[in-house]
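The values are calculated or read from the model by the stated rules, or taken from the named source; none is laboratory data. Keep in mind it's a predicted model, so treat the numbers as computed, not measured. Cβ coordinates were reconstructed from backbone atoms using ideal geometry, including for glycine residues, and neighbour counts include every protein chain displayed.
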Amino acid sequence: MAEFLLSVHHDYDALEMPDQATLEARFESVDRFNRALQAADAWVFAGGLLPPDQAVVVDGTATDAVTTEGPAADCVTQLGGFWVINVQDLLEARAWAMQASSACESPVEVRAFQGA
């Protein structure tokens with residue numbers, strides 16, 4: 001078994017908030033996906049994140065720590081949420097990522113943890 005990070009990416013500049021009914025349907029879809037992961041004993045941990053403009057970067061590599069408001073990277077897409085799963089291999093992780101992407105209606109990146 002190996003652990004993988006399934007990370008959800010959003011283009012926050014182009015992200016439009018759906019109406020309440022669409023949003024509730026998406027939440028239910030993600031909830032069904034979460035229950036499927038749990039039923040398959042693949043669930044380790046998951047969470048959604050606040051928008052990147054609410055992030056704070058702390059750099060403690062110098063004598064004095066420096067904090068910066070906003071995301072660490074200035075790029076088109078930012079991390080919006082994630083799952084940590086424990087599955088047999090990359091092939092199975094990719095299959096779960098396909099379902100995750102469909103459930104949350106966003107691209108999902110698959111990355112193995114070191115030592116996996």
(1) in a strand (DSSP E or B); (2) more than 12 Å from residue 2 (Cα to Cα); (3) basic (Lys, Arg) all hold for residue 94 apart from (1)
The number of residues in segment 56-91 that are free of Cβ contacts under 8 Å to residues at least 12 places away in the same chain, touching a strand residue (DSSP E or B) at 6+ places or on another chain (Cβ under 9 Å) and either closer than 27 Å to residue 24 by Cα or outside any loop (DSSP other than H, G, I, E, B) (or both) is 4
>> residue 70 - would you say it is within 12 Å of the chain's Cα centre (by Cα) and closer than 22 Å to residue 12 by Cα?
In response: no
Of those in segment 44-55 that are in contact with an Asp or Glu (Cβ under 9 Å, 6 or more places away or on another chain) and either assigned to a loop (DSSP other than H, G, I, E, B) or aliphatic (A, V, I, L, M) (or both), the residue farthest from residue 94 (Cα to Cα) is 55
Restricting attention to segment 46-55, the residues that are in contact (Cβ under 8 Å) with a residue 24 or more places away in the chain and surrounded by 11 or more Cβ atoms within 10 Å (Cβ to Cβ) number exactly 5
- Taking the condition in a loop (DSSP other than H, G, I, E, B), under 19 Å from residue 5 (Cα atoms) and of a type outside the set (D, E, K, R), does residue 106 pass? yes
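Within segment 56-74, can one find any residue that is under 21 Å from residue 3 (Cα atoms) and either of a type in the set (A, V, I, L, M) or out of contact with any Ser or Thr (no Cβ under 9 Å at 6 or more places or on another chain) (or both)?
Within segment 56-74, the first condition is being under 21 Å from residue 3 (Cα atoms), and the residues that meet it are none.
Among the residues of segment 56-74, not one is under 21 Å from residue 3 (Cα atoms) and either of a type in the set (A, V, I, L, M) or out of contact with any Ser or Thr (no Cβ under 9 Å at 6 or more places or on another chain) (or both), which makes the answer no.
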Of the residues in segment 84-106, those that are closer than 22 Å to residue 17 by Cα and either modelled with pLDDT under 95 or crowded, with 16+ Cβ neighbours inside 10 Å (or both) come to 99, 100, 101, 103, 104, 105, 106
Going through segment 1-43 in order, the residues found to be in contact with a Phe, Trp or Tyr (Cβ under 8 Å, 6 or more places away or on another chain) and either in a helix (DSSP H, G or I) or loosely packed, with under 13 Cβ neighbours inside 10 Å (or both) are 34, 37
